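Single-structure report; data block below.
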Amino acid sequence: MKIAIVGQQDFGKAVLEAFLARGDQVAAVFCAPEKEGARPDVLRVAAQEKGLKLHQFKSLRAPEAVQAMRETGADLGIMAFVLQFAPQEFVNIPKRGTLQFHPSLLPKYRGPSSINWPITRGEKETGLSIFRPTDGLDEGAVILQKRTAVGENDTLGSVYFDRLFPMGVEAMLEGVDLVKAGKAPRIKQDESKATYEGRCGPDNAKIDWGKPWEQIDRLIRGCNPAPGAWTTLNGAKLQLFDSRKELVRTFGAVKGKIGEIVGLAEGRLAIAAQGGRIHVGKAKLGDGKKLAAGDLVASGALKPGQLLGN
């Protein structure tokens, strides 16, 4: 099948390579232009190295972008990690329309941070959807979905890179095969179950030590590696990563004030919280590097008795 790929970065590159590896014809690749000073987009580099037709438009609404898609003569459009808005005038040009990847079980967690939020909210399961894009954000008919459990120690990084990334590449191939075979369903999303979540940014990642320990643990894991859950230490920003939780079963077992560093256990920073302790494996203080908690304690930057978030 002749396809046009719209995407960027590592996921877009992996999808491109997967289609080429099995013999699909890639008519063109569309990716957003890099910002000045940014690292080269690996999808753009891969497309050029393979001698493919490459387009980089600031907007997919531009008449030039629409005309470029028409000139591909593509049977199907593939949207793999696309941050640009793609209007219907663009996505409906390929003969069999366009498929898009989204890393959540639509209609839940529409929006740009759909991997962070299920972890921070305590969901036991998440997944991905391949759907037909409309002008509404992540609102089109679903072709297929894949599910994965969210474990008690999972992070944004482990859920995405270990599972949703490879599952998503395979799901894009499967979606194209369903379209090719004429077996692709168009499952309307249930709007009564829909949720839209905005971007999970630094404001959302601030730790409130007054919250229960489980919520703090989920916030740290859901923001690892980005945007990085954070608190303060003597006025300096302290980001915390690689969290584990410890339940405290009696009031007498609670040691230290809420938010206090109470020690170092097995290389992890132990911090008192409501109902338990948080054990942090890595941290980043101010403009310094992300380091193992034990190294920060050994350097004297972090020490038992310090109160976080004061």
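The values are calculated or read from the model by the stated rules, or taken from the named source; none is laboratory data. These numbers were taken from a predicted model, which means no experiment stands behind them. Cβ sites come from the backbone with ideal geometry, for glycine too, and all protein chains shown count toward neighbours. Side chains included, ligands, DNA and RNA excluded: accessible areas come from the protein's heavy atoms. Shrake-Rupley method; radii C 1.70, N 1.55, O 1.52, S 1.80 Å.
Measure off, as a whole percent, the carbon and sulfur share of the 1.4 Å-probe accessible area of region 203-260, all protein chains present. Before the final figure, lay out the partial values.
On the way: 1460 of 2960 Å².
Answer for region 203-260: carbon and sulfur cover 50 percent of the accessible area.
Taking every Cα atom in region 211-251, find the radius of gyration and the maximum pairwise distance Dmax, and write them in Å.
Gyration radius and largest Cα-Cα distance of region 211-251: 11.6, 34 Å.
Using a probe of 1.4 angstrom, how much of the accessible area of region 1-147 is carbon and sulfur, in percent?
Values: 2930 of 6400 Å².
Carbon and sulfur: 46 percent of the exposed surface of region 1-147.
Output the Kirkwood hydrodynamic radius of the chain, Cα pairs only, in Å rounded to one decimal.
Working: mean 1/r = 0.0470 Å⁻¹.
Computed over Cα pairs of the chain, the Kirkwood hydrodynamic radius comes out at 21.3 Å.
Starting from the Cα gyration tensor of region 1-158, multiply each eigenvalue by 5, take the square root, and state the resulting semi-axes largest first in whole Å. Intermediate values should be presented prior to the final figure.
Details: eigenvalues 148, 62, 47 Å².
For region 1-158, the ellipsoid semi-axes come out as 27, 18, 15 Å.
By per-residue mean of other Cβ atoms within 10 Å, what is the highest-first order of 178-190, 27-39, 266-278, 218-230?
Ranking, from highest mean packing down: 218-230, 266-278, 27-39, 178-190.
Relative to the present Cα-Cα distance, how much length would full extension add between R147 and A18 at 0.36 nm per residue of separation?
Working: separation 129, 0.36 × 129 = 46.44 nm, distance 2.08 nm.
Full extension from R147 to A18 adds 44.4 nm.
Which ³J(HN,Hα) values, rounded to whole Hz and listed in residue order, are derived for region 227-237 from phi using the Karplus coefficients 6.51, -1.76 and 1.60 in 6.51 cos²θ - 1.76 cosθ + 1.60 with θ = phi - 60°, glycine and proline given as x?
Here the 3J(HN,Hα) series is x, x, 5, 9, 9, 10, 9, 6, x, 9, 6 Hz.
Using all alpha carbons of region 95-173, what is the percent of pairwise distances in each 5 Å bin, ordered from the shortest bin to the longest?
3, 16, 30, 24, 16, 8, 2, 1, 0
Select from L264, L106, L128 the residue whose mean-square fluctuation is largest in a Gaussian network model of the chain (Cα-Cα springs shorter than 10 Å).
Of L264, L106, L128, the most mobile in the Gaussian network model is L264.
Once the Cβ-Cβ distance between R186 and V248 is put in as r, and R0 is 41 Å, what FRET efficiency do you end up with, to the nearest 0.05?
On the way: r = 51 Å, r/R0 = 1.23.
Result of the calculation: an efficiency of 0.20.
Taking all protein chains together and a probe of 1.4 Å, list Y109, Y160, Y196 from the most accessible to the least accessible. Walk me through the numbers on the way to the answer.
Working: Y109 20, Y160 40, Y196 135 Å².
The ordering from most to least exposed comes out as Y196, Y160, Y109.
Rounded to the nearest 0.05, what FRET efficiency do K303 and D10 have when you use their Cβ-Cβ distance and R0 = 30 Å?
Values: r = 39 Å, r/R0 = 1.29.
With a Förster radius of 30 Å, E is 0.20.
Which Cα, out of G111, M69, A47, lies furthest along the positive dipole direction of region 1-127 (beta carbon charges, K/R +1, D/E -1)?
Sorting the options by dipole projection puts first G111.
Straight-line reach from K53: which lysines fall under 28 Å, measuring Cα to Cα and dropping same-chain residues less than 8 apart?
Filter leaves K2, K13, K35, K95, K180.
In nm, what is the difference between 0.36 nm times the number of residues separating Q56 and K206 and their Cα-Cα distance? Mind dumping the intermediate values first?
Numbers: separation 150, 0.36 × 150 = 54.00 nm, distance 3.60 nm.
Roughly 50.4 nm would be gained on extension.
Efficiency by 1/(1 + (r/R0)^6): what FRET value for K95 and F165, r their Cβ-Cβ distance, R0 = 25 Å, to the nearest 0.05? Display every interim value, and only then the final one.
On the way: r = 29 Å, r/R0 = 1.15.
With a Förster radius of 25 Å, E is 0.30.
Lysines near K282 by alpha-carbon distance under 17 Å, same-chain residues fewer than 8 away left out - which ones?
Straight-line reach from K282, under 17 Å: K206, K237, K245, K290, K303.
Would you mind listing how long region 1-55 runs along its three principal axes, going by Cα atoms, in whole Å with the largest first?
Between the extreme Cα coordinates on each principal axis of region 1-55 lie 36, 17, 17 Å.
Residues of region 170-271: accessible area per residue at 1.4 Å, in Å²? Each step should come with its number before you reach the end.
Details: 5590 Å² over 102 residues.
On a per-residue basis, 55 Å².
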